[in-house]
Amino acid sequence: MESLVTSNLMHHPARTAVSIIGVSVGVILVVLTVGLVRGTLRERGQRDANIGVEIMLRQAGQGLSLTSADMSFPMSVLDDVRAIPGVAVATPVGQNLEMGGEGGLGIRQIDGIVFDTFTAASYMKITQGNPLPASGDVAIVDIKYALDHQTKIGDKVTGLGREFTIIGIYEPESGARIKVPLATMQEALVAQDKCSMIFVKCSKPEEQELVAQRILEKYPDYRVIFTRDLPTLFANGFSGFNVFLNVVRGLAIVISLLVILLTMYTTVSERTRQIGILKSLGASKAWIAWEFQKEALTISLLGVLGGLAVAFIVRFLLVRYAGMNIDLEVMSTFYASLAGVASGVLGALYPALRAASQDPVDALSYE
């Protein structure tokens, strides 16, 4: 029976190849898209966790989002936060996200900081050039940004509707790759005396839960996020991106299903007379239906294997030569493969049942 399946597939090699490619495209679409989103988010979460502070204090309504963090957090609470027992340093931070950035998701973030207090709270240090002043159209960038963009002191970078002069390069990679004076960001966004969040450095990192509890007792309407949890929070994604990924998965399944459906439907039409001969020789409906299902499964499996192979190669090239962060997660890869096979089974279901239900007399007389 296997030889019959093989011969049927080889009878139209071009159509078989196109069908396999159709399934492969669906697998590639899911694996690379999910990997790009997850990898970029995880890398961003890791950079935020590397800042060196233990707590991020945000407004409760903001949560974690990849839309521009509102510059609506009142800086008037800063002195009160600094006075809470266990707080070593509290520094305000502004965030602005812009579409069309250089990152894997086409999004670029710019941070607004108060240099003195930010460096006191974090691990950041200037390795080339000068530190940020209190204000002005100037910026500092991290070492990776400088290497990737062949950036040197004095070059220009645009953001916030302005042009900034790069005056320094910092290490390690932490938070946004571009940082400008908070006062400049406030002016550009018309948000005087406002920021996006407050970073809190604890006197004793092991007491961060206690410090967080004290902060929430004073400000119950705010939200505390531990930076140690950021890689996991970012890796799990955001509601908007999760919806997007579900849509991509759905499209991939539909593409594969339609490809298999069209291929097998055409195959049934072409083999009407063959089906009549098989029935006249005693082949049962179940046997005939299973033969078509086996063809569809073979196409699906070859498509899945081909798609995974291409996805791994493309991922290697993009990571190696384009600097993208693409995580090929085991579960996402498994579900993409399972969806490819399932779409083949479902796509061939109607054509297989149609073939099995044909009348042998009509099939034998088919021209």
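The values are calculated or read from the model by the stated rules, or taken from the named source; none is laboratory data. Model, not experiment: these values are computed from the prediction. Positions of Cβ are generated from backbone atoms using ideal geometry, with glycine treated the same way; all protein chains shown enter the neighbour counts.
Just give me the residues in region 103-123 being of a type in the set (A, V, I, L, M, F, W, C) and at pLDDT below 90, in sequence order.
Within region 103-123, Leu105, Ile107 qualify.
Can we say Ile153 is in contact with a strand residue (DSSP E or B) (Cβ under 8 Å, 6 or more places away or on another chain) and outside any loop (DSSP other than H, G, I, E, B)?
No; evaluated as a whole, the condition is false for this residue.
Filter the helices (runs of 4 or more DSSP H) completely within region 1-102 down to those with at least 3 residues that are in contact with a Leu (Cβ under 8 Å, 6 or more places away or on another chain), modelled with pLDDT of 85 or more and crowded, with 20+ Cβ neighbours inside 10 Å.
13-49
Can you give me the number of residues within region 187-230 that are surrounded by fewer than 19 Cβ atoms within 10 Å (Cβ to Cβ), in a helix (DSSP H, G or I) and among the aliphatic types (A, V, I, L, M)?
So the count comes out to 2.
Does at least one position in region 266-287 carry a residue that is modelled with pLDDT under 75, surrounded by fewer than 13 Cβ atoms within 10 Å (Cβ to Cβ) and among the polar types (S, T, N, Q)?
Checked region 266-287: at least one residue is modelled with pLDDT under 75, surrounded by fewer than 13 Cβ atoms within 10 Å (Cβ to Cβ) and among the polar types (S, T, N, Q).
Please determine whether any residue of region 329-347 is within 19 Å of Ser24 (Cα to Cα), assigned to a loop (DSSP other than H, G, I, E, B) and not assigned by TED's automatic domain parsing to the domain that holds Gln150.
Checked region 329-347: at least one residue is within 19 Å of Ser24 (Cα to Cα), assigned to a loop (DSSP other than H, G, I, E, B) and not assigned by TED's automatic domain parsing to the domain that holds Gln150.
Do we have any residue at all in region 302-320 that's part of a helix (DSSP H, G or I) and more than 26 Å from the chain's Cα centre (by Cα)?
yes
For region 150-187, enumerate the residues that are under 16 Å from Pro92 (Cβ atoms) and among the acidic types (Asp, Glu).
Once the filter is applied, which keeps residues that are under 16 Å from Pro92 (Cβ atoms) and among the acidic types (Asp, Glu), region 150-187 yields only Glu187.
If you go through region 288-317 one residue at a time, how many are of a type in the set (A, V, I, L, M) and free of Cβ contacts under 8 Å to residues at least 24 places away in the same chain?
Selection size over region 288-317: 4.
Between Val304, Val310, which is closer than 14 Å to Val25 by Cα and either buried (at least 19 other Cβ atoms within 10 Å of the Cβ) or among the charged types (D, E, K, R) (or both)?
Val304
How do the pairs read when you match residues in region 146-160 that are at pLDDT below 90 with residues anywhere that are surrounded by fewer than 14 Cβ atoms within 10 Å (Cβ to Cβ), using Cβ under 9 Å and keeping only pairs 6 or more apart or on different chains?
Note: pairs meeting the criteria are Asp148/Glu102; Asp148/Gly323; His149/Glu102.
How many of the residues in region 208-233 are among the hydroxyl-bearing types (Ser, Thr, Tyr) and over 15 Å from Gln59 (Cβ atoms)?
2
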